Amino acid sequence: MVSYKELGLVNTREMFAKAIKGGYAIPAFNFNNMEQLQAIIKAAAETKSPVILQVSKGARNYANQTLLRYMAQGAVEYAKELGWEHPQICLHLDHGDSFELCKSCVDFGFSSVMIDASSLPYEENIALTKKVVEYAHQFDVTVEAELGVLAGVEDEVSSAVSHYTKPEEVVDFATRTGCDSLAISIGTSHGAYKFTPEQCTRDPKTGRLVPPPLAFDVLDAIMEQLPGFPIVLHGSSSVPQEYVDMINQYGGKLPDAVGIPEEQLRKAAKSAVCKINIDSDSRLAFTAAVRKVFAEKPGEFDPRKYCGPARDLMEELYKHKIINVLGSDGKA
Ligand SMILES: [Zn+2]
């Protein structure tokens, strides 16, 4: 048993309370490798933004859970080295799908876990979430739960259709489970293809797809039911067209990839939405930078020469999100 406190990490309780009061959102960035982690920590340290490092079940399998934990501990020390005196870094399990997985993360030094039982019937979702909360809270680890179903594909999580969260269920759910934050479904979606062309309109000038707007009326109704309760948005990448264009220009094939417009996320960040998950955008930045090097310097075979530019582009992306979308800069 390792306590996250020994690793210098923090849970989400104080972060979220401050974010709701201050009208901004905490970035939750997924990581699987060293370059991604370096980019996240540099961006957070330089902008003094609290940050949530997210590990999915897939990342745990890819990178090894022991290594990931020491990487997170290393991230805290790296942040201090960069001049961030009291780093506000949370290590969070993204989409935990069983009590055993959540328990193992709590025991392994995570400061926050998500139990995603949203695909189960309502009463079963409550029972499983409650069980995780009761275990995690003994160690002051915070728990995110989910109500409603997001469309899209993310590691093991996938669904063809979305079901908006029902505002009439949220009070009962939050009260009976004791969860610390609630991921809701209001039209965000996992992956780089958040909407089919049929769901979108097309901008006549650029020919680009324009996605349907988020259901802010559902968000408003949820906030009315649960005033001041931390709300989480998953699947909130914007799929920047500059990266999609770079990927396509340098030999990739991502036709009609589309995400959530940043002005909608900016609006959400000012509300009780206090955690916004961004994963696909950094994957796109990484891939775009690597493809560019490969296309321009086909003789290059030193991974530092293409992972380095990928890291730089991700850092730029993370800073942009922190400063221009979430507004969490200067808050830690
Ligand atoms: Zn998610």
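Conditions (1) of a type outside the set (K, R); (2) buried (at least 19 other Cβ atoms within 10 Å of the Cβ), marked per residue:
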position: N11; (1), (2): yes, yes
position: K21; (1), (2): no, no
position: P27; (1), (2): yes, yes
position: A39; (1), (2): yes, yes
position: I52; (1), (2): yes, yes
position: Y62; (1), (2): yes, no
position: G96; (1), (2): yes, yes
position: E100; (1), (2): yes, no
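Take the residues in region 242-258 that are under 23 Å from the mean Cα position of the chain (by Cα) and either surrounded by fewer than 12 Cβ atoms within 10 Å (Cβ to Cβ) or more than 27 Å from Y164 (Cα to Cα) (or both), then tell me which one is farthest from the ligand (Cβ to nearest atom).
If we filter region 242-258 for residues that are under 23 Å from the mean Cα position of the chain (by Cα), which is where we start, we get 242-244, 247, 254, 256-258.
Narrowing the set further to residues that are either surrounded by fewer than 12 Cβ atoms within 10 Å (Cβ to Cβ) or more than 27 Å from Y164 (Cα to Cα) (or both) leaves 242-244, 247, 254.
Values: E242: 24, Y243: 20, V244: 21, I247: 22, L254: 20 Å.
Restricting to residues being under 23 Å from the mean Cα position of the chain (by Cα) and either surrounded by fewer than 12 Cβ atoms within 10 Å (Cβ to Cβ) or more than 27 Å from Y164 (Cα to Cα) (or both), the top hit is E242.
To keep it simple, each residue is scored yes or no on (1) away from the ligand (no atom under 16 Å from the Cβ); (2) assigned to a helix (DSSP H, G or I).
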| site | (1), (2) |
| --- | --- |
| L53 | no, no |
| Y62 | yes, yes |
| A72 | yes, yes |
| A75 | yes, yes |
| Y78 | yes, yes |
| H86 | yes, no |
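Which ones in region 241-262 are assigned to a loop (DSSP other than H, G, I, E, B) and out of contact with any Cys (no Cβ under 9 Å at 6 or more places or on another chain)? Spell out the reasoning first.
First, the residues of region 241-262 that are assigned to a loop (DSSP other than H, G, I, E, B): 250-257, 259-261.
Result: Y250, G251, G252, K253, L254, P255, A257, G259, I260, P261.
Filtering region 18-43 to residues that are in contact (Cβ under 8 Å) with a residue 40 or more places away in the chain and either out of contact with any helix residue (DSSP H, G or I) (no Cβ under 7 Å at 6 or more places or on another chain) or acidic (D, E) (or both) leaves K18, A19, I20, G22, G23, A28, E35.
Taken over region 187-229, residues that are among the hydroxyl-bearing types (S, T, Y) and within 16 Å of the ligand (Cβ to nearest atom) amount to 3.
Any residue at all in region 230-240 that's more than 16 Å from the ligand (Cβ to nearest atom), polar (S, T, N, Q) and either touching a helix residue (DSSP H, G or I) at 6+ places or on another chain (Cβ under 9 Å) or in a loop (DSSP other than H, G, I, E, B) (or both)?
The first filter runs over region 230-240 and keeps only residues more than 16 Å from the ligand (Cβ to nearest atom), leaving 240.
Still in the running and polar (S, T, N, Q): none.
No, there is no match, as no residue in region 230-240 is more than 16 Å from the ligand (Cβ to nearest atom), polar (S, T, N, Q) and either touching a helix residue (DSSP H, G or I) at 6+ places or on another chain (Cβ under 9 Å) or in a loop (DSSP other than H, G, I, E, B) (or both).
Those residues that are assigned to a loop (DSSP other than H, G, I, E, B) and either out of contact with any Ser or Thr (no Cβ under 9 Å at 6 or more places or on another chain) or at pLDDT 90 or above (or both), I need them from region 192-223; list them, please. Reasoning before the result, please.
If we filter region 192-223 for residues that are assigned to a loop (DSSP other than H, G, I, E, B), which is where we start, we get 192, 194-196, 200, 203-208, 211-215.
Hits for region 192-223 are T196, C200, D203, P204, K205, T206, G207, R208, P213, L214, A215.
Residues being within 16 Å of the ligand (Cβ to nearest atom) and either basic (K, R) or modelled with pLDDT under 90 (or both) are entirely absent from region 165-182.
The values are calculated or read from the model by the stated rules, or taken from the named source; none is laboratory data. In this text the structure is predicted, and so the values were computed from the model without any measurement. Counting neighbours? That spans all protein chains shown, and the Cβs are built from the backbone with ideal geometry, glycine included.
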